[in-house]
Amino acid sequence: MRELLWTIGIGIALAVPALAHAQASEAAPTPPLDYADRHNWLCFPGKSLDACDVDLTTTIVTADGRTHLEKFRAHPNPPVDCFYVYPTVSKDSGVNAEPVIEGEERAAVRTQFARFGARCRLYAPLYRQHTLTALLAELTGHPLPGEDRARKIAYEDVRDAWRYYLAHENRGRGVVLIGHSQGSAVLVALIKNEIEGQAAQGVLVSAILMGVDLAVPEGGDVGGDLRSVPLCHAPEQTGCAIAYASFRATAPPPSNSVFGRPRRAQPGMRSACVNPAALAGGAGPLRSYLQAVAWQIGDVTVEPPRWAKGVTVTTPFVSVPGLLSAQCARTDEFNYLAISVHPDPGGARISEITGDVIASGSVRPEWGLHLIDVELAMGNLLDIVAAESRTWATRAPAP
């Protein structure tokens, strides 16, 4: 199990319902983080040593094996803001992460958030998240003391960062919430407690909630985990949510799946699936930005695939247009984003991708493609935020 958790590297928050009522805690108060201090932000406009200031150069590998470079260009005057909460990455020994920016947090920002600088001003708070150590202890039946309070601390940190952002940075600007895994679970609670039915709902451009099971009613798209924020159905729609968990089309969720159904029994509810490649429904091509260099998971070095015959990729990221597509799929029990691979018959380019969770040399199908939920659809999400921003510009009053 330990190997599995370190392999995942980005675990999940197992109790969205507990987070949703985090403000009601009666436990001894924990000193809050000061979000006026830029050291408590991974990304903040104008911050020195900003975690979002990274090399995002991408090698485009076409189906015939040819390559060209795509240079990243940050937006010089972004029309909206993006507020990001990263997944479970901390390997600290306690139940909550220490409030210190480490390599794991920076890696999450690099792969999942920094590229949104092409569309947004970027805000990413550091928070004392529920750690991989605590998640491992819970999954093995030996939870660490203070589990419930730990999740509340994580939530309260993000809540405080959000309140600071609203009070000092927002000034009526539209904002996109972006999260993955534990980060998405925290954002669901934040929307319920701090946004729905309040003034902040008026600045919500969208919520992009990946690698989490967002409960919605059968045949509907609002009224489950969220009371008034519906699912998105068009790129120009605002005030809505995009939520999904990805699996290979050839390996749908098994009976013990971690994702694809609500985490607690909720009659009449299903997990939301919004396809970022085709918001209106059906299938669509994915514009993925995948890691192209080796990276560390615990003490293991993960090598990327050989992207094309005779091609050596030296950029941090690679894109493979036409290789991948996505479509929401439904079984009696599960609702999920099915990822299909379309290799070129000539075989010049790779015919498969990495991204499965592997433990003891075996794929763990219950996790699907959780490791790369965000990277799979990064280009599509950038297009959606651009379309939403255009809509926002026509509707929002001047700050």
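Values computed for the structure shown
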{"item": "Tally, over segment 345-399, of residues that are more than 22 Å from Phe334 (Cβ to Cβ) and among the hydrophobic types (A, V, I, L, M, F, W, C)", "result": "13"}
{"item": "Tabulated pairs, segment 251-269, first in contact (Cβ under 8 Å) with a residue 40 or more places away in the chain, second among the β-branched types (Val, Ile, Thr), C-beta under 7 angstrom, 6+ apart or interchain", "result": "Pro252/Thr331; Val258/Ile12; Arg263/Val16; Met269/Val216"}
{"item": "Hey, Arg119 at pLDDT 90 or above and surrounded by fewer than 22 Cβ atoms within 10 Å (Cβ to Cβ) or not", "result": "no"}
{"item": "Residues being over 21 Å from Trp41 (Cα atoms), in contact with a strand residue (DSSP E or B) (Cβ under 9 Å, 6 or more places away or on another chain) and small (Gly, Ala, Ser) - total across segment 54-101", "result": "2"}
{"item": "Near pairs, Cβ below 6 angstrom, 6+ apart or cross-chain, from segment 163-179 (under 11 Å from Arg121 (Cβ atoms)) to any residue that is assigned to a helix (DSSP H, G or I)", "result": "Gly174/Val203; Gly174/Trp392; Val175/Val203; Val176/Val385"}
{"item": "Qualifying residue in segment 214-223 (condition: within 16 Å of the chain's Cα centre (by Cα) and hydrophobic (A, V, I, L, M, F, W, C))", "result": "yes"}
{"item": "Elements of type strands (runs of 3 or more DSSP E) in segment 305-399, at least 2 residues being over 30 Å from Gly239 (Cα atoms)", "result": "317-319"}
{"item": "Test: residue in segment 292-307 that is surrounded by 18 or more Cβ atoms within 10 Å (Cβ to Cβ), in contact with a helix residue (DSSP H, G or I) (Cβ under 8 Å, 6 or more places away or on another chain) and either more than 29 Å from Gly260 (Cα to Cα) or modelled with pLDDT of 90 or more (or both)", "result": "no"}
{"item": "Test for Leu337: is it in contact with a Leu (Cβ under 9 Å, 6 or more places away or on another chain), touching a residue at least 40 places away in the same chain (Cβ under 8 Å) and either surrounded by fewer than 17 Cβ atoms within 10 Å (Cβ to Cβ) or on the phi < 0 side of the Ramachandran plot (or both)", "result": "yes"}
{"item": "Residues of segment 124-148 classified as in a loop (DSSP other than H, G, I, E, B), over 9 Å from Val95 (Cβ atoms) and over 18 Å from the mean Cα position of the chain (by Cα), total", "result": "3"}
{"item": "Listing of strands (runs of 3 or more DSSP E) fully contained in segment 44-123 that carry 2 or more residues being closer than 21 Å to Leu190 by Cα", "result": "80-85"}
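Yes or no, residue by residue, for (1) of a type in the set (D, E, K, R); (2) at pLDDT 95 or above; (3) in contact with a helix residue (DSSP H, G or I) (Cβ under 6 Å, 6 or more places away or on another chain):
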{"residue": "Glu138", "(1), (2), (3)": "yes, no, no"}
{"residue": "Ser184", "(1), (2), (3)": "no, yes, no"}
{"residue": "Gln201", "(1), (2), (3)": "no, yes, yes"}
{"residue": "Gly220", "(1), (2), (3)": "no, no, no"}
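The values are calculated or read from the model by the stated rules, or taken from the named source; none is laboratory data. As the structure is a computational prediction, the values presented were derived from the model and not from experiment. Here Cβ is always computed from backbone atoms with ideal geometry, including for glycine, and neighbour counts include all displayed protein chains.
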